[in-house]
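Chemist: First the structure, which I've put down as structure tokens, then a few questions once you've had a look.
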Amino acid sequence: WVSNVRVTLTAVPRNYDPALHPFEVPREYTRALNATKLERVFAKPFLSSLDGHRDGVNCMAKHPKSLSTVLSGACDGEVKIWNLTTRQCIRTIQAHEGFVRGMCARFCGTSFFTVGDDKTVKQWKMESPEHGEEEEPIHTILGKTVYTGIDHHWKEAVFATCGHQVDIWDEQRTSPMCSLTWGFDSISSVKFNPIETYLLGSCASDRNIVLYDMRKSTPLKKVILNMRTNTLCWNPMEAFVFTAANEDYNLYTFDMRFLESPVTVHMDHVSAVLDVDYSPTGKEFVSASFDKSVRIFPVDKGRSREVYHTKRMQHVITVKWTSDNKYILCGSDEMNIRLWKANASEKLGVLAPREKAAMNYNQKLKEKFQYHPQIRRIAQHRHLPKSIFCQIKEQRIMREARRRKELNRRKHSKPGSMPFVSERKKHIVAVVK
């Protein structure tokens, strides 16, 4: 009898002939609509805020080996090390007089570097000092000018600082190995390429983005934009792609081999973009802006897929995407570091196999029906603060007016006298090699 039951419980054959399933698409559409609505219902991206700083957070750095450790530097010269699992501050160092302008961790994770307004570069141990030991830096380098940024090589004991020029230092020496200049203006940030590790990119306040090669100790080429670039970030998956955060409210993704025009212009912010950081997969990046919001952009899209804001958050100065691709950290003017989910509606914690299967199925449904007007409208709608909402409206009107003016000019001038300039090339002034 038991064996008979076993026989009756065999797999039921299913006929996939579409003629026998006439309502399959409407059924899937309804499921996709429900999945999209539920995604918006469960979109609660804000996790917690790390408070403890007594001044605005000016810079942050990730620990290269430990996911739960993050470092932050404030405008009063204080550096804090945080444990993200307990969301507590482990250690506080009074590192500099005045602002902490930049910080970076060594590639092995044993120490980190800070630069500040007091013209010093300091190297600190990552571990807390023993009981009764003084909180002292391992090395201190006294410079001639204020350093505005620092970044460490991804494989060697070499780091770069920027100020009036880009200096490349060996960790064992107190004077730079080489200094790179092109033009005479202060440089706001410098970044090593994570793949082609001897390449550097820097942004200067004379609107330049300059690329350097450490082996030749010369600048390679520079691109001049209409407005100043605040910082740039290299794509960790594609050696020649980087994204620049600009004062003209846009971000530009460049291919360093073809600087004549950016690959993509990312528009959505309504004020200067102050910081940008890539996700470890290289498919998305997060940007922080003066308009008190944080946005997530896909690399190949011109519009953001997500915008994060809170009522209390002021100008966001620095932002980081954690190395496990799950979280985003942003530091802002009002002394808080906020922790967000990278995917707003993602469930944290262990997923049961059925949950995982349902999630994957819903994801595929949403992809299949993503261009249907109803589903697209629900998926794209975001509640925005009134200030941002009004500014977006205002900028739309201004953009339309500019377009109309250009059309009228073209209509009333000699044919061919007004060349068409694509949106990508509008913002580039020149490329110098």
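Chemist: Name every residue in segment 377-390 that is surrounded by 12 or more Cβ atoms within 10 Å (Cβ to Cβ) and of a type in the set (Lys, Arg), in order of residue number.
Modeler: Arg382
Chemist: Which residues, counting only those in segment 409-433, are open to solvent by 80 Å² or more (accessible area, probe 1.4 Å), farther than 30 Å from Lys221 by Cβ and not in a loop (DSSP other than H, G, I, E, B)?
Modeler: Arg409, Lys411, listed by residue number.
Chemist: Continuing with this model, one more query. Looking at segment 364-376, which of the residues that are open to solvent by 70 Å² or more (accessible area, probe 1.4 Å) and touching a residue at least 60 places away in the same chain (Cβ under 8 Å) is nearest to the chain's Cα centre (by Cα)?
Modeler: Only one residue fits best here, namely Lys368.
Chemist: Hey, among the residues in segment 274-297 that are part of a strand (DSSP E or B) and out of contact with any Lys or Arg (no Cβ under 9 Å at 6 or more places or on another chain), which one's most open to solvent (accessible area, probe 1.4 Å)?
Modeler: Among those residues, the one meeting the criterion is Leu274.
Chemist: Being part of a strand (DSSP E or B) and within 29 Å of the chain's Cα centre (by Cα) is the filter here, so list the residues in segment 114-145 that pass it.
Modeler: Once the filter is applied, which keeps residues that are part of a strand (DSSP E or B) and within 29 Å of the chain's Cα centre (by Cα), segment 114-145 yields Thr114, Val115, Gly116, Thr120, Val121, Lys122, Gln123, Trp124, Lys125.
Chemist: Only residues that are open to solvent by 10 Å² or more (accessible area, probe 1.4 Å), in contact with an Asp or Glu (Cβ under 9 Å, 6 or more places away or on another chain) and part of a strand (DSSP E or B): list them for segment 214-230, please.
Modeler: Pro219, Leu220, Ile224, Asn230
Chemist: Continuing with this model, one more query. Only one residue in Thr69, Thr36, Thr10 is outside the structural domain of His139 (by the TED database) and at pLDDT 95 or above. Which one?
Modeler: Thr36
Chemist: For segment 232-247, give me each residue that is closer than 15 Å to Asn208 by Cβ and open to solvent by 10 Å² or more (accessible area, probe 1.4 Å).
Modeler: Glu247 - this is the single residue of segment 232-247 that is closer than 15 Å to Asn208 by Cβ and open to solvent by 10 Å² or more (accessible area, probe 1.4 Å).
The values are calculated or read from the model by the stated rules, or taken from the named source; none is laboratory data. Every value quoted in this text rests on a predicted model; they were computed, and no experiment measured them. Quick reminder, even Gly has a Cβ in these numbers, built from the backbone with ideal geometry, and neighbours come from all protein chains shown. Protein only, heavy atoms only, side chains kept; ligands, DNA and RNA dropped before computing areas. Shrake-Rupley method; radii C 1.70, N 1.55, O 1.52, S 1.80 Å.
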